[in-house]
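Beneath this line is the structure, given in structure tokens, with notes to follow.
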Amino acid sequence: MMITKVREWKEAELILHFQLTKIAAYQTPLMQEWFEADFPIFDSYEQRLFDEILQDAQDNIVAWGEEDLKMYFITYVLRLSGLMSPKNKGFVGVFEKKISATVNHTKLSVRSDFMVAKGFKNIIENPYFHFQEYKPQLNPTGEPMAQLIEAFLIGQVKNANDKPLYGCEVIGGSWKFVVMEGKNYCISEALDCTKRESLLKIIAILRKFKHILETRLLD
């Protein structure tokens, strides 16, 4: 049986092929609104967890590989954000989910490292948030930002509506947030998760997305 290799797109190729527009940080109303998120107020358990993962990141993030980064740090950030809580109704957070669609006669397929979608348990319907993460050095066989944009294009086809899509790219300690509306996408400046105020901001932004999801995106 012949196996067809999935194309590894570059961000610039996606921009040209799908006629996308990349917008500088904070220059769209949705991105500005998303970043206007107040720092979280933690209970005692959350504060201890926050302090522990911040110290772990400061001590170890340079040495962590992809799975280390996910298991020792990212999963706890997502839990502090509320995106992995079993109490959530109407949406689920799932890891390592492959999605695909034909976009303007072009077949796209990508594995989302973490996805927030309408669904139940491991059954997903409409994707709303995509998360691409890598170890400190860029993966030589693929661009995480390109994979995030692919996921957005696939999500637009699957959702079949004009609602925006949200996401995040993580490379080591650097976190960038992305909002896509139609053919336009905006990328934030990087936040360094090894700095206390930046990590608080990252969690605040993710909690703000949860509010946006529950009040605007869910059908």
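The values are calculated or read from the model by the stated rules, or taken from the named source; none is laboratory data. On a predicted model such as this, the values are computed, not experimentally measured, just so you know. Don't worry about glycine lacking a Cβ; one is built from the backbone with ideal geometry, like all the others, and counts go over all protein chains shown.
Things to note:
- For segment 198-218, the set of residues classified as touching a residue at least 60 places away in the same chain (Cβ under 8 Å), over 12 Å from the mean Cα position of the chain (by Cα) and not in a loop (DSSP other than H, G, I, E, B) consists of L199, L200, K201, I203, A204, R207, K208, K210, I212, L213, E214, L217, listed by residue number.
- Residue check for I212: in contact with a strand residue (DSSP E or B) (Cβ under 8 Å, 6 or more places away or on another chain) and of a type outside the set (F, W, Y): yes
- Applying the condition of being modelled with pLDDT under 95 and part of a loop (DSSP other than H, G, I, E, B) to segment 164-187 and asking which residue is surrounded by the fewest Cβ atoms within 10 Å (Cβ to Cβ) yields G172.
- In the set V157, V179, only one residue is within 15 Å of the chain's Cα centre (by Cα) and in contact (Cβ under 8 Å) with a residue 40 or more places away in the chain; that residue is V179.
- Segment 118-161, subset surrounded by fewer than 14 Cβ atoms within 10 Å (Cβ to Cβ) and of a type in the set (A, V, I, L, M, F, W, C), residue modelled with the lowest pLDDT: L138
- Elements of type helices (runs of 4 or more DSSP H) contained in segment 22-123, each with 1 or more residues being aromatic (F, W, Y) and under 20 Å from K176 (Cβ atoms): 29-35, 75-81
Conditions (1) more than 18 Å from the chain's Cα centre (by Cα); (2) within 18 Å of A204 (Cβ to Cβ); (3) modelled with pLDDT under 95; (4) aliphatic (A, V, I, L, M), marked per residue:
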site	(1), (2), (3), (4)
M2	yes, no, yes, yes
E13	yes, no, no, no
H17	yes, no, no, no
D43	yes, yes, no, no
R48	yes, no, no, no
V77	no, yes, no, yes
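- Residue, farthest from S112 (Cα to Cα), within segment 24-80, restricted to residues that are out of contact with any Phe, Trp or Tyr (no Cβ under 8 Å at 6 or more places or on another chain) and of a type in the set (S, T, N, Q): S44
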